[in-house]
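The values are calculated or read from the model by the stated rules, or taken from the named source; none is laboratory data. Just so you know, these numbers come straight off a predicted model, no measurement behind them. All Cβ positions, even for glycine, are placed from backbone atoms using ideal geometry, and neighbour counts span all protein chains on display.
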Amino acid sequence: MHNGRGWLSTGNMAAFAGGAVAAVVASRMLPPLMAQAVGSARAAAGRDPFEALIKDHRQFVALLSEMERSPNDAVFQRTQLLLRLKRRLTAHALAEEDVIYPMLHDRANAVEDARHLYGEHAEMKMHLHALEQMPKGDPRWLDRVGALKALIQTHARQEEEIDFPKLRQLLSDRQTARLSGSLQREKAFVL
Ligand SMILES: [Fe+2]
Ligand SMILES: [Fe+2]
């Protein structure tokens with residue numbers, strides 16, 4: 001590197017560093033962008049994005065029921081089930097908080113519903129935190145599992161029976177396809 005004219009000139013190095021940064025950014029952005037394209041294509045093919053969210057709800061309840069059935073000494077199994085639940089619930093919550101609830105708030109004018117649902121997600125996160133911190137063999141661990149399951153069931157019922165239908169009737173086919181892509185993109189940041 002001399003006088004800025006060799007192959008390792010300051011300009012070249014800056015360009016190289018810039019290119020490397022761009023490559024890293026591109027590699028991180030690619031999975032969410034691919035997921036967005038796949039999600040839009042699925043919706044265009046007639047798949048209802050709300051059905052995918054409802055399917056997630058069933059999975060959460062199934063994982064929590066499995067936790068409830070596990071014996072107190074199945075510490076490893078409980079830890080694994082909890083991690084699976086946390087990952088899926090985090091992705092689902094991110095998609096709802098960044099896409100569904102703002103639409104509910106701004107487009108469906110369901111301001112109170114949106115605030116209430118955001119608040120319940122915060123409660124779920126506190127339950128998850130407590131479940132991670134508590135000894136998995138502690139009988140009180142199952143009480144927390146039961147409380148989280150009850151909360152998720154009530155919350156899911158509100159979304160499925162009241163708020164998803166409100167949005168479904170507002171959206172055109174094109175908007176539904178775009179929504180599906182956006183949901184997939186948000187989930188891909190976590191999954
Ligand atoms: Fe939710
Ligand atoms: Fe949900």
Legend entry - Cβ pairs under 7 Å, 6+ apart, first in region 51-75 and more than 13 Å from Leu142 (Cβ to Cβ) and charged (D, E, K, R), second at pLDDT 95 or above and part of a helix (DSSP H, G or I): Asp56/Arg88; Asp56/His92
Inset, instruction - Go through region 73-125 and count every residue that is crowded, with 17+ Cβ neighbours inside 10 Å and away from ligand 2 (no atom under 16 Å from the Cβ). - result: 3
Inset, instruction - Kindly indicate the residue of region 88-113 that is more than 8 Å from the chain's Cα centre (by Cα) and touching a residue at least 60 places away in the same chain (Cβ under 8 Å) and also nearest to ligand 1 (Cβ to nearest atom) among those meeting that condition. - result: Ile100
Inset, instruction - Mind telling me which of the residues Ala156, Ala114, Ala147 ends up being touching a His at 6+ places or on another chain (Cβ under 8 Å), modelled with pLDDT of 95 or more and more than 19 Å from Ser65 (Cα to Cα)? - result: Ala114
Legend entry - From the options Arg168, Arg185, Arg174, Arg144, residue that is within 15 Å of ligand 2 (Cβ to nearest atom) and of a type outside the set (Asp, Glu): Arg168
Legend entry - The lone exception for Ala23 - which of (1) within 14 Å of ligand 2 (Cβ to nearest atom); (2) modelled with pLDDT under 95 it fails: (1)
Inset, instruction - Would you confirm whether any residue within region 131-141 is under 29 Å from Leu179 (Cβ atoms), more than 13 Å from ligand 1 (Cβ to nearest atom) and out of contact with any Asp or Glu (no Cβ under 8 Å at 6 or more places or on another chain)? - result: no
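It is to be established whether one or more residues within region 63-72 are surrounded by 14 or more Cβ atoms within 10 Å (Cβ to Cβ), more than 18 Å from the chain's Cα centre (by Cα), among the charged types (D, E, K, R) and in a helix (DSSP H, G or I). Give the steps one after another, and end with the answer.
Step one: of region 63-72, the residues surrounded by 14 or more Cβ atoms within 10 Å (Cβ to Cβ) are 63-64, 66-67, 70.
With the extra rule that they be more than 18 Å from the chain's Cα centre (by Cα), the set shrinks to 66-67, 70.
Checking the rest, the ones that are also among the charged types (D, E, K, R) come to 66.
Of the ones still in play, those that are also in a helix (DSSP H, G or I) are 66.
Yes, there is a match, as at least one residue in region 63-72 is surrounded by 14 or more Cβ atoms within 10 Å (Cβ to Cβ), more than 18 Å from the chain's Cα centre (by Cα), among the charged types (D, E, K, R) and in a helix (DSSP H, G or I).
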